[in-house]
Amino acid sequence: MTKASDLFVAALQAHGVKYVFGIPGEENLDLLESLRQSDIRLVLTRHEQAAGFMAATVGRLTGRAGVCLSTLGPGATNLVTAAAYAQLGAMPMFMVTGQKPIRSSRQGHFQIVDVIDMMRPLTKYTRQIVSADSIPARVREALRCAEQERPGAVHLELPQDIAGDDSDARLIPESHSRRPVAEDKAIRRAADAITKAKHPLLMVGAGANRKTTSRMLRRFIDRLGIPFFSTQMGKGVIDETHPLWLGTAALSDGDFVHRAIDASDCIVNIGHDVIEKPPFFMREGRRTVIHVNHSGAVVDPVYFPQVEVVGDIANSVWQLAEAITPQPHWDFAFFDRVRDALRAQLRERADDDRFPMASQRLVADVAAAMGPQDITCLDNGLYKLWFARNFRCRAPNTLLLDNALATMGAGLPSAIAARMVHPQRRVLAVAGDGGFMMNSQELETAVRLGLDLTVLVLRDDAYGMIRWKQAHEDYPEYGMALGNPDFVKYAESYGARGHRPASAAEFAPMLREALDTPGVDVIEVAIDYTDDDRILNEDIPRESAAVA
């Protein structure tokens, strides 16, 4: 006979789980003891939300479900935002929560909420375990659901009395399967549309962010010479220094990449997910849109593709590359002019000496300091637009941003998990002062774990992105200003090192030194967003419209 909590942990360990992030409570003590005796590392965090962000990031980087743990009630409710983050962002993540004994309890309804119903809209799978004998099947099914396309969040509730039961159930081994491939007719229809087009264009979305897909897409582009752009969460799937890169759809409209989109008569969407902010708006009759994804298109007013290729994305791309040859009537001359103009514009303000720093200068300095495989983890704020647009990624999952839930507070926890998954790479967290303070307590976690991590805090003493929107819509500024601690002293109080450049010129060498020095470093940088509304909404649309 095996204790139920031991059986639960053994099921996780058999799946290759290395970490469990979270905060246990009295209802988890059996599970905690089972973890202590296992090879799985418990990573004690300072907030359950941060634990969920860490688990989701493990899933994002590995394709295997990251695991997080909380107690019942308030511990479980603190996982809600992280569940939505993983579910919308297609990150495999497994939440385990405790619960009072279900056979008999002397505490009435103290701390009791219906966690299963609470998690149902935010997960692919949520169940309460009512029998120790069901643990192998429940854990196996939860992990399978979390990782199969489309990945997302799952949840199991393990009540205190069930965790202490004994069982003679055996673990269920993983099954081995291959994802279905697209049918020949769909491939031929898509290949025919691309072949007949005059100005075909490739879009790389979030669903393409897999290693095999990246290799096949690179082969497709190199073989056919079709220009490409990406959504925000598709960045880095193809090396963005590639000569056929046309940019990132970071803005809603009016950017250089949108000139190319408007000029195209056929867009091949590889892995597009409508959870992302729309990279372009479809208008009936303007062009053929081909949907290439593991599942059929979710149709809405701005996305209604005429051709769908449903199946394993990498295989579909390979089949299309085999079915198409470069056509003499393809004309990419205008795309070439758009690309040249975009690259010239990306260099603008990259050496701006003003202080507080300009967004473009900050992104350029960060890009110059980070290596091709280093990982930059963004929180959420106005700076995210500049990183999405101006930061050219060399490899998949090297710029971790959230264009699905777009939550604040995830940047630092995500960076902690990224460093644990890839200890050989340098990792940088970038957060505004508002987002950073939502989970800044995880600095203690990073220091306690002995991580080498650099945290960049952009200080404007306000919720800068909303203030920008407020100004753009001609409202008077109201409700945006906030106070901040001295971030240098704040970092030092946790045992990290704190830094604060006094000029734009000081920033880049300070960043490089922090990245190359073991330990946790926090750099507070004053940033100036005052010109961003004009640049993003007036200058860029005007310059892009001038491309002829």
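Filtered by the rule that a residue be under 30 Å from ARG534 (Cβ atoms) and under 21 Å from the mean Cα position of the chain (by Cα), region 433-463 gives ASP433, GLY434, GLY435, PHE436, MET437, MET438, VAL455, LEU456, VAL457, LEU458.
Scanning region 468-502 for residues that are without any contact (Cβ under 8 Å) to a residue 24 or more places away in the chain, in a helix (DSSP H, G or I) and not acidic (Asp, Glu) gives LYS469, GLN470, LYS489, SER493. Here ALA364, ALA368 are screened, and the one residue that is assigned to a helix (DSSP H, G or I) and crowded, with 18+ Cβ neighbours inside 10 Å is ALA364. Of the residues that sit in region 300-319 and are more than 12 Å from ASP184 (Cβ to Cβ) and of a type in the set (A, V, I, L, M), which one is surrounded by the most Cβ atoms within 10 Å (Cβ to Cβ)? Looking at the filtered set, the residue picked out is VAL317.
Yes/no matrix, rows are residues, columns are (1) touching a residue at least 40 places away in the same chain (Cβ under 8 Å); (2) of a type outside the set (Gly, Ala, Ser); (3) surrounded by fewer than 24 Cβ atoms within 10 Å (Cβ to Cβ); (4) not in a helix (DSSP H, G or I):
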{"position": "LEU7", "(1), (2), (3), (4)": "yes, yes, no, no"}
{"position": "GLN13", "(1), (2), (3), (4)": "no, yes, yes, no"}
{"position": "VAL17", "(1), (2), (3), (4)": "yes, yes, yes, yes"}
{"position": "GLU27", "(1), (2), (3), (4)": "yes, yes, no, no"}
{"position": "SER38", "(1), (2), (3), (4)": "no, no, yes, yes"}
{"position": "ALA51", "(1), (2), (3), (4)": "yes, no, no, no"}
{"position": "ARG60", "(1), (2), (3), (4)": "yes, yes, no, no"}
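Selection within region 107-122: residues that are in a loop (DSSP other than H, G, I, E, B) and not acidic (Asp, Glu). The member of this set that is surrounded by the most Cβ atoms within 10 Å (Cβ to Cβ) is GLN111.
Within region 198-243, the set of residues being polar (S, T, N, Q) and under 18 Å from MET91 (Cα atoms) comprises ASN209, THR212, THR213, SER214, THR231, GLN232.
What helices (runs of 4 or more DSSP H) completely inside region 123-234 contain at least 1 residues that are modelled with pLDDT of 95 or more? Let's see the steps before the verdict.
Details: elements: 135-147, 160-163, 184-196, 211-224.
Passing ranges, in order: 135-147, 184-196, 211-224.
When the test is whether a residue is crowded, with 23+ Cβ neighbours inside 10 Å, among the hydrophobic types (A, V, I, L, M, F, W, C) and in contact with a strand residue (DSSP E or B) (Cβ under 6 Å, 6 or more places away or on another chain), ALA462 does not pass it.
The values are calculated or read from the model by the stated rules, or taken from the named source; none is laboratory data. Given the structure is predicted, the values throughout are model-derived calculations rather than measurements. Please note: Cβ atoms are built from the backbone with ideal geometry, for glycine as well, and neighbour counts cover all protein chains shown.
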